[in-house]
1. Can you say whether T131 is farther than 24 Å from E29 by Cβ and either hydroxyl-bearing (S, T, Y) or surrounded by fewer than 15 Cβ atoms within 10 Å (Cβ to Cβ) (or both), as far as the supplied structure shows?
2. Looking at (1) assigned to a strand (DSSP E or B); (2) over 15 Å from the mean Cα position of the chain (by Cα), which one does L80 not meet, given that it meets all the others?
3. Give the residues of the range 58-74 that are in a helix (DSSP H, G or I) and over 8 Å from the mean Cα position of the chain (by Cα), sorted by residue number.
4. Could you count how many residues in the range 136-154 are charged (D, E, K, R), surrounded by 13 or more Cβ atoms within 10 Å (Cβ to Cβ) and out of contact with any Asp or Glu (no Cβ under 7 Å at 6 or more places or on another chain)?
5. Go through Q69, Q17 for me and flag whichever is within 24 Å of Q138 (Cβ to Cβ) and surrounded by 19 or more Cβ atoms within 10 Å (Cβ to Cβ).
6. Whether any residue in the range 11-32 is in contact (Cβ under 8 Å) with a residue 60 or more places away in the chain, in a strand (DSSP E or B) and closer than 29 Å to I79 by Cα is what I want to check.
7. Scanning for something more than 24 Å from E92 (Cα to Cα), in contact (Cβ under 8 Å) with a residue 60 or more places away in the chain, touching a helix residue (DSSP H, G or I) at 6+ places or on another chain (Cβ under 9 Å) and surrounded by fewer than 16 Cβ atoms within 10 Å (Cβ to Cβ), does the range 43-62 turn up at least one residue?
Amino acid sequence: MGADAQMIQQVMDLIPQQRPFRFIDDILEVDDNHIRAVYRFRDDEFFYQGHFPGHPVTPGVILIETMAQAGVVALGIAILLHQNRPVSEIRELKTLFTFAESVEFTGMVAPGEKVTVVGEKIYFRRGSIKTKVSIERQNKQSVCTGVLMGTGVKLDA
């Protein structure tokens, strides 16, 4: 079951990360089992200045965060919406990154590149989601893959 434009916009609105630390521009498709999202790494991203001066490359930790925001956070929000959980309840939750396994980098991402993030649910239970996530370039070349997990928690104000 795919998501309509209204559902996708609702998921985008509920993602707690914001610029300069949001790495999702749009969700192309999402359902209870998978997500496809895109992000263009802008030339002026804060991390390029120091990684590496004169030869900027997107840091691996940022690529993992990009995978987590789509494959864990956004997919988890979509699942909660499909379960008819109240938006107010979803808005209170922040997904904390809890696990990374078998993360493998097979390419680099340069400033200006647009990537697609694909996440496939392994399981969603007791407020935790585990997914297999990958990033690929527009030419379908793989950049990185891994298994990631996060848990939704309410943070004290």
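The values are calculated or read from the model by the stated rules, or taken from the named source; none is laboratory data. Given the structure is predicted, the values throughout are model-derived calculations rather than measurements. When we count neighbours, we look across all protein chains shown, and the Cβ atoms used for this are built from the backbone with ideal geometry, even at glycine.
1. On the way: farther than 24 Å from E29 by Cβ: no; either hydroxyl-bearing (S, T, Y) or surrounded by fewer than 15 Cβ atoms within 10 Å (Cβ to Cβ) (or both): yes.
Criteria not met by T131.
2. In the conditions (1) assigned to a strand (DSSP E or B); (2) over 15 Å from the mean Cα position of the chain (by Cα), L80 misses (1) alone.
3. Looking only at the range 58-74, we keep the residues that are in a helix (DSSP H, G or I), and these are 60-74.
The answer is G60, V61, I62, L63, I64.
4. Start the filter on the range 136-154 by keeping residues that are charged (D, E, K, R), which leaves 136-137, 140, 154.
Filter once more, keeping what is surrounded by 13 or more Cβ atoms within 10 Å (Cβ to Cβ): 136-137.
From what is left, the residues that are out of contact with any Asp or Glu (no Cβ under 7 Å at 6 or more places or on another chain) are 136.
Final tally of qualifying residues: 1.
5. Values: Q17 fails: surrounded by 19 or more Cβ atoms within 10 Å (Cβ to Cβ).
From the options Q69, Q17, the qualifying one is Q69.
6. yes
7. No, that holds for no residue.
Here is a yes/no grid of residues against (1) farther than 16 Å from K132 by Cα; (2) at pLDDT below 95; (3) touching a strand residue (DSSP E or B) at 6+ places or on another chain (Cβ under 7 Å):
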residue: L14; (1), (2), (3): yes, no, no
residue: R22; (1), (2), (3): yes, no, no
residue: D26; (1), (2), (3): yes, no, yes
residue: R40; (1), (2), (3): yes, no, yes
residue: T58; (1), (2), (3): yes, no, no
residue: V61; (1), (2), (3): yes, no, no
residue: F105; (1), (2), (3): no, no, yes
residue: P111; (1), (2), (3): yes, no, no
residue: V115; (1), (2), (3): yes, no, yes
